[in-house]
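Asks: I'd like to ask some things about the structure below.
The values are calculated or read from the model by the stated rules, or taken from the named source; none is laboratory data. Since the model is a prediction, treat every value here as computed from it, not as a measurement. Counting neighbours? That spans all protein chains shown, and the Cβs are built from the backbone with ideal geometry, glycine included.
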Amino acid sequence: QTTPQPTGLSPVIRKKLMGYVGFANLPNQVHRKSVRKGFQFTAMVVGESGLGKSTLINTLFNTTLYPAKEPVHPSAETPKTVAIESIGADIEENGVRLHLTVVDTPGFGDFVNNNDSWKPIVENIESRFDSYLEQENRVNRLKIVDNRVHACLYFIQPTGHSLKQIDIEFMRRLHTKVNLIPVIAKADTMTDEEIGIFKQRILSDIHHHNIHIFQAPSYDNEDEETIAENEEIASKIPFAVVGSNTSVTTPDGRKVRGRAYPWGVVEVDNEEHCDFVKLRQMLVRTNMEELREYTNDVLYENWRTEKLLGMGVAQDSTVFKEINPAARMQEERVMHEAKLAKMEAEMKMVFQQKVQEKEAKLKQSEEELYARHKEMKEALEKQRLDLEEKKRKVETGRPVTPDNKNLSTGKKRGFLRT
Ligand code: GDP
């Protein structure tokens, strides 16, 4: 069966396999490779201090990534600007390695004037994009470290009113640069009804200001179960969360992660008590890859194009190279090859020079050797002639030298002096 194709493309023939070939193992190969390499994920937490950010991160990854904070003395000098701090950890579950980085933003919303609280955060996110772009432009692109922020948990104070100016400002400034995930902090301080109303208000504010918050994309070929799962997760946004790293005992004797109150226990992992489970499902279990993909394909790509266009580049051929990664790579390759050719020519020249020097030295020592050989040969010849002369004189019995007397004595003693 042949599927007709537009002209210029080869026709696609659908074939039935007669037996096992093996490419069905491709997903396993990809899986093995990914597991070996591990995964990188960077999450940012933003919100006023004391809203439970560190506790929630510890609860999400079930580890004490954040040590318990020292209480701040009232007389201690408070910083004047938002700081950016990141903590990295390698965690492993069933042989799968995750390099997790959590970027904290202490000081956000804690000042009398919070107008510019969002600024250092935007700068930090953009500098991470910058570092990625710089790595992408290198000739060796094999070891790219992805430090881009893949998700930003924005903690909303559980006031029950609506979003504050600082919340709106932050989300408006950040929604095109990062996957925003709004959460209602310390949801155990509100009743179910209050939370329902608060969520509606928050959503209408977000809608009113045209803020885009992350939602799992739905694909056409997705199975019904996944679609239902994604819809259920989406229905809980903004997630009303409760964090706790201590286990408490419920009235019916179960040990759970939660917070104990005189009137009962709020369970972190109980979907009837809060949306923690759904948040973890989105962030870690179901959509981590989609968060990374959306960061790369949409947020980073938009930022990159804007940055290049902002550098005064218009749509001409030079710009085409700037924006078009293939053209840029081609240009880099040509430059790299020219550099290699130059290095090779230089090396050849040095090599030839060395060979010539060596040859000259060899020739010189050969000549020296020959001269010495000749000298020795001449000396020997002279010696031989002398001896022959002496021999001849001895045989003829003619005394030639004063030694002749000794010669007869020597004979008597039985040796011949030479
Ligand atoms: P951060 O400053 O935002 O990182 O806040 P922390 O995680 O240090 O929490 C500040 C305080 O709030 C601590 O005493 C926590 O025990 C408490 N806390 C954290 N999460 C929750 C929560 O979900 N509900 C309640 N009621 N208290 C919480």
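Asks: Among the residues in region 161-172, are any under 16 Å from H273 (Cα atoms) and not hydrophobic (A, V, I, L, M, F, W, C)?
Replies: Filtering region 161-172 for residues under 16 Å from H273 (Cα atoms) gives none.
The answer is no; no qualifying residue exists.
Asks: Taking L279, is it loosely packed, with under 15 Cβ neighbours inside 10 Å and either away from the ligand (no atom under 15 Å from the Cβ) or hydrophobic (A, V, I, L, M, F, W, C) (or both)?
Replies: Details: loosely packed, with under 15 Cβ neighbours inside 10 Å: no; either away from the ligand (no atom under 15 Å from the Cβ) or hydrophobic (A, V, I, L, M, F, W, C) (or both): yes.
In short, no.
Every residue, every condition in (1) away from the ligand (no atom under 16 Å from the Cβ); (2) of a type in the set (A, V, I, L, M), yes or no:
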residue: T189; (1), (2): no, no
residue: E193; (1), (2): yes, no
residue: R201; (1), (2): yes, no
residue: I211; (1), (2): yes, yes
residue: S218; (1), (2): yes, no
residue: E224; (1), (2): yes, no
residue: E231; (1), (2): yes, no
residue: F239; (1), (2): no, no
residue: G243; (1), (2): no, no
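Asks: Something else: Could you run through region 45-98 and say how many residues are of a type in the set (A, V, I, L, M, F, W, C), at pLDDT 90 or above and near the ligand (Cβ under 9 Å from one of its atoms)?
Replies: Qualifying residue count for the region: 4.
Asks: Further, regarding this structure: Return only the number of the condition from (1) surrounded by fewer than 17 Cβ atoms within 10 Å (Cβ to Cβ); (2) at pLDDT 90 or above; (3) under 19 Å from S235 (Cα atoms) that R285 does not satisfy.
Replies: Answer for R285: the failing condition is (2).
Asks: Does region 17-44 hold any residues that are away from the ligand (no atom under 14 Å from the Cβ) and either hydrophobic (A, V, I, L, M, F, W, C) or on the phi > 0 side of the Ramachandran plot (or both), and which are they?
Replies: Residues satisfying the conditions are L17, M18, V21, G22, F23, A24, L26, V30, V35, G38, F39, F41.
Asks: Let me ask another. I'd like to know if region 271-286 contains one or more residues that are charged (D, E, K, R) and over 33 Å from the mean Cα position of the chain (by Cα). Quick ask: steps written out before the conclusion?
Replies: Going residue by residue through region 271-286, those that are charged (D, E, K, R) are 271-272, 275, 278, 280, 285.
Adding the requirement that they be over 33 Å from the mean Cα position of the chain (by Cα) leaves 271-272.
Yes, because at least one residue in region 271-286 is charged (D, E, K, R) and over 33 Å from the mean Cα position of the chain (by Cα).
Asks: Residues S235, S244: which one is farther than 26 Å from S54 by Cβ, modelled with pLDDT under 95 and of a type outside the set (K, R)? It would help to see each step written out before you state the result.
Replies: Details: S244 fails: farther than 26 Å from S54 by Cβ.
On inspection, the qualifying residue turns out to be S235.
Asks: Give just the number: which of (1) crowded, with 21+ Cβ neighbours inside 10 Å; (2) more than 15 Å from the ligand (Cβ to nearest atom) does Y154 not satisfy?
Replies: (2)
Asks: Could you list, ordered by first residue, the pairs with Cβ atoms under 9 Å in which the first is in region 353-367 and touching a residue at least 40 places away in the same chain (Cβ under 8 Å) and the second is of a type outside the set (V, I, T) and not in a helix (DSSP H, G or I), at least 6 apart or interchain?
Replies: Within 9 Å, no pair qualifies.
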